[in-house]
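Trainee: Have a look at this one before I ask anything.
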Amino acid sequence: MDTDLPFSSRRSPVVCLHGCVASSQHTASLVGLDILKSGGNAADAAVAIAAALAVTEPGSTGPGGDAFCLFYNAKTGEIGGINGSGRSAQAQTLDYMESRGYTAEAPPSVFDALNVTVPGAPACWCDTVQMFGSHRLALHEVLSGAVKLAEEGFPVAEVTAHHWEKSVSALRDGGKELGGDLLIDGHAPKCGQIFRNTSLAHVLKALGEHGKPAFYQGRVAQAIVETINQNGGVMTLEDLGRHDSEVITPISTDYKGVRLWELPPNGQGLVALMFLNILEHFPQLKAMGHNTANYIHVLVEAVRLALIDARHYVSDPEHVTIPLETLMSKSYSHQQAQRISMERVMEHVEPAQMTGSETVYFCVIDSHGNACSFVNSIYANFGTGLVPKDCGFSLQNRGSNFSLVRTDNNCVAGGKRPYHTIIPALLTDSPTKSEKPRLLAAFGVMGAFMQPQGHIQVLLNMLEFEMNPQRALDAPRVYVQYDHKGDEWVVNLEEGVDREVAEELQRRGHKVNWPVGGHKRSRFGRGQIITVGDWWNPSATHAGLPSRVLWAGSDPRADGCALGY
């Protein structure tokens, strides 16, 4: 099955008028669409989808992970954000880690209970509905679709089943057993097999009825702490009880008449903005041609520079000072762009910290023009693999992104948030100070350190190469990663990139992995896009097409779809 996945979905973009959702599971998309039809807005539908994905794609997401939200208010033009990432246990200092024998050269296993940070997703769900929701639906109504899926069961989708089985094998190889709530008779469910999760249904019901205390206090909190402590962690009920979301101001940059919005650190949205700023100094990108050697070379070199800066600076702003203004300045990006030679790969570029992850990204635009861009994740497949008793979800391993080098900004400390990979995005026009920004798109691409790379590639596919949202997601992608074992940067090229391009990149000094196909294409992320109007189509203004039409696409590398009405 690895080799027979088609490169392109060959799907048409979804076009609709009154509301649209896009996610990596079609059942979750249906749940979100039902919320819109019931009078909920984009924020309500996004939370409903988040909970549904916790049921249908538990290896990627769930209440045991974190979430980030961007919301566009159609009435005011304001863009708000919620950072729903959790912190490390107060007792988890570097001194404590060293007393356990862990060092930068010998960190804990990715499955270690010490990598569990406080789950921020449940609080983020509650706060998204409270802050941005329509207030026409109660939280328990928003979560009801997910509860029904968990109670009645659903047929597991193909890509999800593949990664479920692969994750269970990896956990067992690491000496861990995934909890029985997430297996069927000790095995991962097969494609088409009905899976139920009554334990998770109980958790979601309690959250809907009682809000955040149902998760961060009482039975669920006790089960989380017991599971972590039984496996060598140090989290306490107090660590869980003091958690709350953070309302934050998004950051943005302009590019050729549009403005890209991201969330600030501890997330890596800054990488996408720095990446785009560097590319602005290469006005000939379109003339280079899509996925040509010159085009990919510039992308690779620019993202390496952005990732290196992120490695040094992105951390918890409550613990360190991050020079955002300098890093996002156009003068700094100009300096960075001048470091790139078209003839040869840059030498002596320090490595960024990179590991793999599983995440879900989804977006919603409602009939009023509000938009919600949302990411939910437990990081690696099933995170640590630790499942609190009778809870039906696994706990994330975000703490594996902490550094154990005392001088690093991202060094582990008690009550600190790690470098975080998940980033939702919004796109607007570039308004003057007297105007409100006009929404153009809600979009994102999940997948660890692929995320900022995916954001910019699909954005350029639309802006520079006039692709509709579905085609922008279908197009083959590039993923730049650092291989710690080989001590080198690797340029992964998806199937569909020409052999001659791979060979030319090798001639310029790049280490190239080509072609990457089958289920291994998951490393290129899984994205969703909804646009307002077809602004990416240069003939649209002449055709007189209505700008209120929503256009949407869903990534063929996942099981999902876009739906509208």
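Coordinate-derived values only; no laboratory data. Fair warning: this is a prediction, and the values are worked out from it, not measured in the lab. Neighbour counts are summed over all protein chains in view; Cβ atoms, including those assigned to glycine, are modelled from backbone coordinates with ideal geometry.
Trainee: Can you tell me the length gained on complete extension of the stretch Asp487 to Thr198, counting 0.36 nm per residue apart and subtracting the Cα distance?
Mentor: Numbers: separation 289, 0.36 × 289 = 104.04 nm, distance 4.55 nm.
Taking Asp487 through Thr198 to full extension adds about 99.5 nm, to one decimal.
Trainee: From the square roots a ≥ b ≥ c of the eigenvalues of the alpha-carbon gyration tensor of region 138-235, which class results: rounded (a/c under 1.5), prolate (a/b over b/c), or oblate?
Mentor: Details: a/c = 2.80, a/b = 1.14, b/c = 2.46.
Judged from the Cα gyration tensor, region 138-235 comes out oblate (a/c at least 1.5, b/c at or above a/b).
Trainee: Could you tell me which of rounded, prolate or oblate describes region 274-414, using a ≥ b ≥ c as the square roots of the eigenvalues of the alpha-carbon gyration tensor, with rounded for a/c under 1.5 and, failing that, prolate when a/b is larger than b/c and oblate otherwise?
Mentor: Note, shape of region 274-414 comes out prolate.
Trainee: With the cut-off at 30 Å, tell me which of the pairs Lys148/Lys389; Lys330/Lys436; Lys148/Lys212; Lys205/Lys436 have Cα atoms farther apart than that.
Mentor: Numbers: Lys148/Lys389 21 Å; Lys330/Lys436 23 Å; Lys148/Lys212 20 Å; Lys205/Lys436 39 Å.
Lys205/Lys436, as the Cα separations exceed 30 Å there.
Trainee: Using +1 on the beta carbon of Lys and Arg, -1 on that of Asp and Glu, and nothing else charged, what's the dipole of region 167-283 about the Cα centre, debye to 20? Kindly include the intermediate steps, with their values, before the conclusion.
Mentor: Values: 10 positive and 13 negative charges, 64 e Å.
Magnitude of the dipole: close to 300 debye.
Trainee: Which of rounded, prolate or oblate describes region 51-173 when judged by the alpha-carbon gyration tensor and an a/c cut-off of 1.5?
Mentor: On the way: a/c = 2.64, a/b = 1.36, b/c = 1.94.
Cα axes put region 51-173 in the oblate bin.
Trainee: Something else: Helix-only mean residue ellipticity at 222 nm, the chain, DSSP H runs n ≥ 4 weighted -39,500 (n - 2.57), per residue, nearest 500. What is it?
Mentor: Numbers: 20 runs with 189 residues, N = 565.
That comes out to -9500 deg cm²/dmol.
Trainee: Going toward the positive end of the dipole of the chain, with +1 on Lys and Arg Cβ and -1 on Asp and Glu Cβ, which of Ala293, Ile228, Thr93 do you reach last?
Mentor: Ala293
Trainee: Let me ask you something else. For Leu183 and Gln506 in one chain, what is 0.36 nm times their gap in residues minus the Cα-Cα distance, to one decimal in nm? Present the calculation step by step, with values, prior to reporting the outcome.
Mentor: Numbers: separation 323, 0.36 × 323 = 116.28 nm, distance 4.37 nm.
111.9 nm is the gain from fully extending Leu183 to Gln506.
Trainee: Relative to the present Cα-Cα distance, how much length would full extension add between Glu347 and Ala104 at 0.36 nm per residue of separation? Numbers along the way, then the final one.
Mentor: Details: separation 243, 0.36 × 243 = 87.48 nm, distance 2.45 nm.
Here the answer is 85.0 nm.
Trainee: Let me ask something else about it. Using the Cα centre as the reference, give the magnitude of the dipole from point charges on the C-beta atoms of region 164-213 (Lys, Arg: +1; Asp, Glu: -1; all else neutral), rounded to the nearest 20 debye.
Mentor: Numbers: 7 positive and 6 negative charges, 25 e Å.
Charge dipole, region 164-213, about its Cα centre: 120 debye, nearest 20.
Trainee: Between Arg11 and Ala91, what is the label-to-label distance in nm when each label sits 7 Å out along the Cα-to-Cβ direction?
Mentor: Those two pseudo-labels are separated by 4.7 nm.
Trainee: Quick check on the exposure proxy: order Val491, Val142, Val345 from fewest to most C-beta atoms within 10 angstrom.
Mentor: Details: Val491 22, Val142 29, Val345 19.
Ranked by crowding around the Cβ, least crowded first: Val345, Val491, Val142.
Trainee: Further, regarding this structure: For the chain, with only Lys/Arg (+1) and Asp/Glu (-1) charged at the beta-carbon, what is the dipole magnitude about the Cα centre, in debye rounded to 20?
Mentor: Numbers: 46 positive and 59 negative charges, 134 e Å.
Its charge dipole is roughly 640 debye.
Trainee: While we're looking at this one, here's another question. Picking from His202, Phe465, Val156, whose Cα lies most toward the positive end of the charge dipole for the chain (charges on Cβ: Lys, Arg +1; Asp, Glu -1)?
Mentor: Phe465
Trainee: Counting only residues 5 or more places away or on other chains, whose amide H sits under 5 Å from the amide H of Gln193 once H atoms are built in the peptide plane?
Mentor: Close amide H contacts, sequence-distant or interchain: Val156.
Trainee: Scan the chain and note any complete DSSP helix (H) whose C-alpha atoms cover at least 27 Å along its axis and whose Kyte-Doolittle average is 0.0 or more.
Mentor: Values: long enough: 293-313 (30 Å, 0.56).
Passing helices, by number: 293-313.
Trainee: Arrange the following residues from fewest to most other Cβ atoms within 10 Å of their Cβ: Tyr332, Tyr313.
Mentor: Details: Tyr332 17, Tyr313 20.
Lowest to highest Cβ neighbour count: Tyr332, Tyr313.
Trainee: Counting other beta carbons within 10 Å of each residue's own, what order do Asp309, Asp239, Asp474, Asp244 fall into, fewest first?
Mentor: Going from sparsest to densest Cβ surroundings: Asp244, Asp309, Asp474, Asp239.
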